[in-house]
Amino acid sequence: MKIIKNISEVKKICSDKKIALIPTMGAIHKGHESLIHKAQEKASFNIVSIFVNPIQFANNDEYINYPNNINSDIEKLKNLKVDAIFIPEIREIYPLGFSTNVDVGQISKVLEGKFRPAHFTGVATIITKLFSIIKPDHAYFGQKDAQQCLVIKKLNDELNLGVKIFINPTVRDQNGIAISSRNKNLNKIHLKAAESLFKSLCLSKQLFEKGIDNTKYIKDEMKKVIMQSYPTKIDYISIANSNTLEELDKIALPTLISLAVWFGETRLIDNILLK
Ligand code: AMP
């Protein structure tokens, strides 16, 4: 496995190959692994990027406290038979004076964008840079970050970057909790309580399948499931068109049901797609 740190080297290595890119912020877990396995099904040169992108965090504390296990990540990625990893330093990506931002507009201002205003500009900027540097044929992302997937598809289309985007289903633990590097910050009580997120999402699906399409009613029932398990702060429960993210009064497919909920100092997001 090649370990590449600078842009000129990664450009050279990727220039004559069919490339599958899996962008990550490290702390490699089963969610990332599912993307790698999927990428490896196609016989291309697979490259995992690890870059904790400072400009997509809500604040400096969140950035500084983001898990950093680079040695164990390298071991895991070697064992997964990844062809190369790209681990640039911050100044390699954002040299002093860097001032360009990629803003995809309205779709990045709602839901996560409302609570974390600079987040998607940060995501869109780093993904545009990675796509421009590596020029992958394919890139792999997780449905766990549904809004991020929409932002990336939009910038890829509108900037004519020509990357084929694959979205993988959310990988969950045996209790239904979406696997995330943030789960490490949950204590036992919060971990148990976090099971209510997927339970509430499953309930929304069951209610819809029973013929209930009133989104206010469904959101209230979801809220009850969460609050009965652990009284906490819910940033949002959203039932929206899964392409435009416009909120719906009545479910009309395809619909994205998504939420963001606090457990202690940790904010978790999750979603399901009704097609
Ligand atoms: P991150 O390192 O958190 O930026 O995630 C890198 C990629 O892995 C993103 O495309 C995420 O959506 C994806 N990902 C993270 N967690 C999961 C999960 N539980 N299941 C599937 N994909 C995931």
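For this structure, a couple of remarks:
- Note that the stretch 172-188 has calculated 3J(HN,Hα) couplings of 10, 7, 5, 9, x, 6, 5, 5, 7, 5, 6, 4, 4, 7, 8, 7, 4 Hz, one per residue in order, obtained from phi through the Karplus relation 6.51 cos²θ - 1.76 cosθ + 1.60 (θ = phi - 60°); glycine and proline are x.
- Amide H contacts under 5 Å for D83, placed H, 5+ residues apart: N46
- Long-range amide H partners of R172 with built H, under 5 Å: I179
- In a reduced charge model with +1 at each Lys and Arg Cβ and -1 at each Asp and Glu Cβ, the stretch 2-168 shows a dipole moment near 360 debye about its Cα centre.
- With every protein chain in place, the stretch 1-90: carbon and sulfur % of accessible area (1.4 Å): 48 percent
- Cα-based Kirkwood hydrodynamic radius, the stretch 192-275, one decimal, Å: 12.7 Å
- Average accessible surface area per residue within the chain, 1.4 Å rolling probe, Å²: 49 Å²
- Value of [θ]222 nm, deg cm²/dmol, for the chain, DSSP H segments ≥ 4, -39500 (n - 2.57) each, nearest 500: -11500 deg cm²/dmol
- Each Cα pair under 8 Å and six or more residues apart adds its sequence gap; the mean of these over the residue count of the chain is a relative contact order of 17 percent.
- Percent RCO, i.e. relative contact order, over the stretch 181-274, from Cα pairs under 8 Å lying at least 6 residues apart: 29 percent
- Expected-Rg normalisation [2.2 N^0.38 Å, Cα atoms] applied to the chain: 1.02
The values are calculated or read from the model by the stated rules, or taken from the named source; none is laboratory data. For clarity, every value in this text was computed on a predicted model and none was experimentally measured. We place every Cβ from the backbone using ideal geometry, glycine too, and count neighbours over all the protein chains shown. Please note that ligands, DNA and RNA were not included when accessible areas were found on the heavy atoms of the full protein model with its side chains. Shrake-Rupley method; radii C 1.70, N 1.55, O 1.52, S 1.80 Å.
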